[in-house]
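Asker: Pasting a structure here, questions to come.
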Amino acid sequence: MKIFTWIQDTVQYIWDGVSRLFKPTDDDYPKSGVQPYGGDPADDPNKYS
């Protein structure tokens, strides 16, 4: 009986992981839209090219 319980727990553990991977997202991020870039331009435009 102990082996049956172990197999059942293992299958349940794997199933929980698989179902979490393929479920719809539950992210609840605010709708902020496009944010403008507010940084300063580089001093030397050819520094990283």
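Asker: Can you tell me which residues in segment 4-31 are in a helix (DSSP H, G or I) and aromatic (Phe, Trp, Tyr)?
Answerer: Selection gives Phe4, Trp6, Tyr13, Trp15, Phe22.
Asker: Which numbered condition in (1) over 28 Å from the mean Cα position of the chain (by Cα); (2) surrounded by 10 or more Cβ atoms within 10 Å (Cβ to Cβ) is the only one that Trp15 fails?
Answerer: For Trp15, the failing item is (1).
Any read-out appearing in this document is the output of simple, stated calculations on the displayed coordinates, not a laboratory observation. Nothing here was measured: the structure is a model prediction, and the numbers come from that model. Glycine gets a Cβ as well: all are built from the backbone with ideal geometry, and neighbour counts include every protein chain shown.
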